[in-house]
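Student: Got a structure for you, questions after.
Here, each number is a calculation from the coordinates, and none is a lab measurement. Source: prediction; values computed, not measured. Note: ideal-geometry Cβ built from the backbone for every residue, glycine included; neighbour counts use all protein chains shown.
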Amino acid sequence: MPLVRIDVLAGRTAEQLTAIADAVHDALVQAIGIPVADRFQVLTEHAPGTLIFDRSYLGVERTDGVVIVQVTLSVGRTLEKKRALYEGIARQLSARAGVRPEDVFVNLVEVTKEDWSFGNGIAQYAT
């Protein structure tokens, strides 16, 4: 049920973009156990000057290779699962897409189950 938004600066190849999307999805499958077929991603490339980030916030040195990942998912994951997800995304992006771990920024947005409609105007998870 996650909706994943991935933002990068323009300039990567189609193969690199695919590797980024695949790495994030596989980390979600492994770390929090989403079904493999539960894949909804929006990958956006930004022109210079339209993706703004602090290059050294909290002592983390970021480059133009930054990958910003925002995951909207249903509430209920433990802190341990969230930490495993952050680590898994950074590890997968590094191994599969050559992204420096310092350039991986992840944000989770938790919503309730009734906040989803997967089609037909129906809240499939609402009880």
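Student: Within segment 103-118, how many residues turn out to be surrounded by fewer than 17 Cβ atoms within 10 Å (Cβ to Cβ), within 27 Å of Asp54 (Cα to Cα) and among the acidic types (Asp, Glu)?
Tutor: Total satisfying the criteria: 1.
Student: Within segment 20-51, how many residues turn out to be assigned to a loop (DSSP other than H, G, I, E, B) and of a type in the set (Gly, Ala, Ser)?
Tutor: Within segment 20-51, residues that are assigned to a loop (DSSP other than H, G, I, E, B) and of a type in the set (Gly, Ala, Ser) number 4.
Student: Criterion first (over 14 Å from Arg5 (Cβ atoms) and surrounded by 12 or more Cβ atoms within 10 Å (Cβ to Cβ)) does Arg77 satisfy it? First the steps, then the outcome.
Tutor: Details: over 14 Å from Arg5 (Cβ atoms): yes; surrounded by 12 or more Cβ atoms within 10 Å (Cβ to Cβ): yes.
Taking the combined requirement at face value, the residue satisfies it.
Student: Okay, next question. Across segment 52-67, what is the total count of residues that are surrounded by fewer than 18 Cβ atoms within 10 Å (Cβ to Cβ) and outside any loop (DSSP other than H, G, I, E, B)?
Tutor: Selection size over segment 52-67: 3.
Student: What are the residue pairs meeting all of these: first residue in segment 78-95, first residue more than 13 Å from Ala19 (Cα to Cα), second residue in a helix (DSSP H, G or I) and among the β-branched types (Val, Ile, Thr), Cβ atoms under 8 Å, and 6 or more apart or on different chains?
Tutor: Lys81/Ile32; Ala84/Ile32; Leu85/Ile32
Student: Within segment 2-42, which residues are over 19 Å from Glu80 (Cα atoms) and touching a residue at least 60 places away in the same chain (Cβ under 8 Å)?
Tutor: Answer for segment 2-42, where residues must be over 19 Å from Glu80 (Cα atoms) and touching a residue at least 60 places away in the same chain (Cβ under 8 Å): Leu3, Val4, Arg5, Ile6, Asp7, Val8, Gln16, Ala19, Ile20, Asp22, Ala23.
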